[in-house]
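Some notes on the structure that comes next.
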Amino acid sequence: MRVLQINTVYKYGSTGKIVYDIHTMLTQNGHESFVCYGRGAKSYDSNVYKVSNEIEGKLQALYSRISGLAYSGSFFSTNKTLDIIKKVSPDVVHLHCLNGHFVNNYRLLDYLKSNHIRTVLTLHSEIMHTAKCGHAYDCELWLAGCGKCPQLKIGPNSWLLDRTAEEWTLKKNIFSDFVDLIVVPVSQWLNDRAVKSPFFADKYLEIIGNGIDTLEIFHPTSFSDIIQRHSLCNEIIILHVTASFINPIKGGQFILKMAERFGDENVKFIIVGYNDREEKLPSNVVTVRHTENQIELAKYYSLADLTVLTSEKETFSMICAESLSCGTPVVGFKAGAPEQIALADYSEFVEYGDIDSLEATIRFWMNKKKSISERIVLGASARYSKEVMFANYLALYKKQA
């Protein structure tokens with residue numbers, strides 16, 4: 001079987017790692033695998049193509065902000081992507097994230113539809129069933145046409161023009177009569193949102209959760225070097241991992257409030273992904289800059305007694321899967337998908353913003369890890385392994401082919 005994946009990035013970031021894992025396992029299992037991606041460093045892996053240079057991507061981002069059209073343009077990189085599709089002649093094209101200003105979504109989808117190329121579209125966010133938004137939050141305009149967008153200034157943002165109604169219509173027309181399309185939400189929560197969309201009213205949807213490397217990376221790991229690095233001494237460790245601590249949507253402000261509440265106790269809060277100034281932080285907070293080193297990240301999960309999630313919305317939560325796979329329970333705010341994809345016996349979620357309930361939940365769970373860690377690992381490896389994810393996608397590819 002010949003499969004071509006298309007994604008914003010390759011080999012880094014959550015979706016980039018997923019694409020890399022699928023590409024690797026397809027090749028290892030005797031299939032022909034190809035990848036097109038738009039942003040980041042050039043890869044020299046076999047059959048992997050970077051279709052956009054960074055200058056074109058930045059120019060396209062500028063065009064998007066001026067024109068108000070987030071997912072059009074990208075003339076040269078889209079041409080290159082279509083040329084590769086023609087050259088490869090794949091049995092299945094697997095689309096992941098098409099944001100990042102590297103491909104004209106409408107041209108790409110129209111080409112796949114018009115040429116009856118079997119297509120798998122994984123929904124990693126809400127971008128594909130809204131005009132432009134990664135998360136629609138409480139807005140329901142996407143159900144009937146968008147326009148007058150309350151998130152116009154939120155990425156991908158428009159400086160002047162609200163053309164979300166136009167983009168919504170473009171997407172609706174593109175998905176209409178796309179008979180060779182299977183839509184794959186990564187969680188039940190995202191599936192429940194997507195099925196409401198007029199875009200997917202007649203489409204087949206199948207949920208496939210994201211997978212991680214539970215054999216070589218995310219499992220209980222020695223962390224003695226981390227203890228030495230941060231001069232730790234038998235403290236209870238509360239871990240918070242984030243891609244962007246300063247983004248209000250990720251809820252970092254709640255972690256700092258929580259650290260203040262534990263200020264007089266033998267508790268340390270470690271924040272991985274803190275790239276901001278370190279002024280006025282509580283004395284029991286340890287900061288670590290964002291890292292792409294997954295082995296190091298697994299050490300922090302293994303060290304921690306508890307991982308805390310504070311996002312307002314998540315469509316899956318790789319942090320939840322990674323922490324549980326390392327044997328560390330998870331608590332946090334209800335954010336859509338995390339409370340659904342987590343192992344129910346080893347996690348607990350409270351209403352968003354309820355810091356009193358969050359504190360009580362942290363106190364209840366922060367001493368439980370030692371007695372349940374082995375059971376957590378067994379359950380997590382069965383649910384979150386990349387092998388399980390790959391097997392599900394391979395079955396779907398064969399169904400498509």
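Computed on region 121-186, with alpha-carbon pairs under 8 angstrom and 6+ residues apart, the relative contact order is 40 percent.
Using a probe radius of 1.4 angstrom, the carbon and sulfur fraction of the accessible surface of region 277-401 is 48%.
With the convex hull built on the Cα atoms of region 183-339, state its orientation-averaged projected area in nm². Spell out each step's value before the answer.
Details: hull surface 40.8 nm².
If you wrap the Cα atoms of region 183-339 in a convex hull and average its projections, you get 10.2 nm².
Solvent exposure of the chain, expressed per residue, is 43 Å² of accessible area, with all protein chains present and a 1.4 angstrom probe.
Computed FRET efficiency, Cβ-Cβ of E374 and I246, R0 41 Å: what is it to the nearest 0.05?
Working: r = 36 Å, r/R0 = 0.89.
With R0 = 41 Å, the Cβ-Cβ based efficiency is 0.65.
Distance between the pseudo-spin-label points of D202 and F76 (7 Å out from Cα toward the beta carbon): 3.9 nm. Rounded to the nearest 20, the Cβ-based charge dipole of region 120-238 about its Cα centre (Lys and Arg +1, Asp and Glu -1) stands at 420 debye. Only protein heavy atoms count here; on that basis, with a 1.4 Å probe, K398 has an accessible area of about 120 Å². Within a straight-line Cα-Cα reach of under 20 Å, K313 can be paired with the following lysines, leaving aside sequence neighbours fewer than 8 residues apart in one chain: K132, K153, K196, K250, K257, K334. For region 1-131, the Cα-based Rg and Dmax, in that order, read 13.9, 46 Å.
At R0 = 56 Å, how high is the FRET efficiency between R363 and A144 if r is their beta carbon distance? Nearest 0.05 is fine. Working shown, then result.
Values: r = 44 Å, r/R0 = 0.79.
Efficiency, rounded to the nearest 0.05: 0.80.
Rounded to the nearest 5, the antiparallel percentage of DSSP beta bridges internal to the chain is 0%. With a simple spin-label model that places each label point 7 Å from the Cα along the Cα-to-Cβ direction, the separation between S176 and L59 comes to 3.3 nm.
Take each of the peptides 87-100, 384-397, average the number of other beta-carbon atoms within 10 Å over its residues, and list them starting from the highest. Write out the running numbers ahead of the final one.
On the way: 87-100: 20.3, 384-397: 18.7.
For the peptides 87-100, 384-397, the packing ranking is 87-100, 384-397.
For the peptides 352-359, 205-212, the ranking by mean Cβ contacts within 10 Å, running from highest to lowest, is 205-212, 352-359.
In terms of its alpha-carbon gyration tensor, region 318-401 comes out oblate; a/c meets the 1.5 threshold, while b/c is at least as large as a/b. For region 93-198, the set of chymotrypsin sites (Phe, Trp or Tyr not before Pro) satisfying both a DSSP loop assignment and a count of at most 16 other C-beta atoms within 10 Å is given as Y137, W159.
What is the Å³ per residue value for the convex hull set by the Cα atoms of the chain?
Details: hull volume 56.0 nm³, N = 401.
So the per-residue hull volume is 140 Å³.
Screening the chain for whole DSSP H helices of 18 Å or more along their axis (Cα) with average Kyte-Doolittle hydropathy at least -0.5 returns 13-28, 54-67, 75-88, 369-384, 386-400. Helix content alone sets the calculated 222 nm mean residue ellipticity of the chain: runs of n ≥ 4 DSSP H residues at -39500 (n - 2.57) each, divided across all residues, give -11500 deg cm²/dmol.
Seen from all directions on average, region 269-369 presents a Cα convex hull projection of 6.6 nm².
Listed by chain and number, the aspartates and glutamates whose alpha-carbon sits under 12 Å from that of K171, ignoring those within fewer than 8 places in the same chain, are D110.
How long are the semi-axes of the ellipsoid equivalent to region 93-237, from square roots of 5 times the Cα gyration tensor eigenvalues, in whole Å, largest first?
Numbers: eigenvalues 264, 89, 42 Å².
They are 36, 21, 15 Å, listed from largest to smallest.
As a quick test, which of the pairs K268/K299; K17/K80; K17/K113; K148/K172 have an alpha carbon distance above 21 angstrom in this structure? It would help to have the intermediate numbers written out before the result.
On the way: K268/K299 16 Å; K17/K80 23 Å; K17/K113 27 Å; K148/K172 18 Å.
Pairs exceeding 21 Å: K17/K80; K17/K113.
The values are calculated or read from the model by the stated rules, or taken from the named source; none is laboratory data. Just so it is clear, the structure is predicted and the values come from calculations on it, not from any experiment. FYI the Cβ positions are ideal-geometry reconstructions off the backbone, even for glycines, and counts take in every protein chain you see. Remember, those area values only see protein heavy atoms, side chains included, never the ligands or the DNA or RNA. Shrake-Rupley method; radii C 1.70, N 1.55, O 1.52, S 1.80 Å.
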